[in-house]
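Have a look at the structure below before the remarks.
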Amino acid sequence: MTPHRLNQFSDGIFAISATLLILNFAVPNVQGNANPELVHRLFAQWPRLLAFLLSFGVVINYWRLHNAMFSGVKVIDHTTMLFNTGLLAGAAFVPYATNVAGSYPTLPAAAVLYSIVLLIVATLGLGISRHLLISKAYGDIVPEHALTTHRRILFSLIIRTTGLLFAFFAPIVSYLIYWVMILYYLSFSSIDRTAEGK
């Protein structure tokens with residue numbers, strides 16, 4: 001397995017996960033020319049829209065960090081494959097967790113499920129990052145961007161743990177924490193420059 005093939009496959013999973021998020025929306029069923037009813041039913045889907053936007057940002061952030069993490073990697077071993085497979089399984093599960101959260105945004109069970117999925121992916125991402133650093137996957141010299149990416153993943157793990165704690169008794173606060181984190185991480189243009197090799 002070459003780093004290029006692993007990245008190609010991973011990119012495909014992230015793209016499919018992001019695309020499947022739109023399937024959480026159902027076209028409202030209204031009779032005849034009932035425009036006011038259609039407008040009402042469309043606006044009634046705003047929790048799903050917020051869940052879609054949040055999760056789209058989450059998946060895009062996974063993709064960006066994943067590309068940055070594997071930029072410069074020279075060797076893919078079995079442990080890396082196992083960690084990466086688990087991470088992709090978690091990313092593929094995001095659409096389902098999003099559907100539950102969008103359907104029941106104020107219920108703790110929905111927020112806990114969503115938070116656990118995010119936490120699992122962050123934990124596996126940290127596992128990959130740490131393994132790449134200690135296994136000399138980058139060669140004899142670890143690039144600075146790999147250390148920076150590792151710190152960012154560790155920080156996201158802490159934030160998602162905090163979000164999970166709030167999910168048990170304040171689901172909306174939990175989602176707000178994830179919103180702030182995603183907006184914060186999307187501001188890092190250096191992640192994209194790293195992935196492009198700049």
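Throughout, read-outs are computed from the coordinates displayed, never taken from laboratory work. Just so it is clear, the structure is predicted and the values come from calculations on it, not from any experiment. Neighbour counts run over all protein chains shown; Cβ positions are idealised from the backbone, glycine included.
Can you compute the modelled spin-label distance between residue 53 and residue 172, with each label point 7 Å from Cα toward Cβ, in nm? That separation, rounded to one decimal, is 1.6 nm. Relative contact order, whole percent, for segment 3-195 stands at 27, derived from Cα pairs under 8 Å and 6 or more residues apart.
Helices that extend 27 Å or more along their long axis by alpha-carbon positions and average at least 0.5 on the Kyte-Doolittle scale are, among the DSSP H runs of the chain, 46-70, 78-103, 108-134, 144-167. Counted over the chain with a bin width of 10 Å, the fraction of Cα pairs per bin, in whole percents, is 9, 34, 31, 16, 7, 2, 0. Neighbours of residue 11, meaning other residues whose beta-carbon lies under 13 angstrom from its beta-carbon, give a summed charge of +2 when Lys and Arg score +1 and Asp and Glu score -1. Each part gets one Cα centre, and for segment 91-148 versus segment 1-29 those centres are 15 Å apart. Helical runs (DSSP H, four residues minimum) scored at -39500 (n - 2.57) apiece and divided by the length of the chain put the mean residue ellipticity at 222 nm at -26000 deg cm²/dmol. Distance between the modelled labels on residue 1 and residue 165, one decimal in nanometres: 3.4 nm (7 Å Cα→Cβ projection). Within segment 1-110, which trypsin sites (Lys or Arg not before Pro) sit in a loop by DSSP and count at most 16 neighbouring Cβ atoms inside 10 Å? The qualifying sites are 74. Computed about the Cα centre, the dipole magnitude for segment 3-195 is approximately 160 debye when only Lys and Arg (+1) and Asp and Glu (-1) carry charge, each at its Cβ. Listed by Cβ neighbour count within 10 Å, with the fewest neighbours leading, 46, 63, 179 appear as 46, 179, 63. Measuring r between the beta carbons of residue 26 and residue 104 and using R0 = 22 Å, the FRET efficiency lands at 0.90. In this calculation the C-beta distance from residue 179 to residue 41 is compared with R0 = 35 Å, giving a FRET efficiency of 0.90. Take each peptide in 50-58, 111-119, 9-17, count the other Cβ atoms within 10 Å of every residue, and average; sorted highest first, the result is 111-119, 50-58, 9-17.
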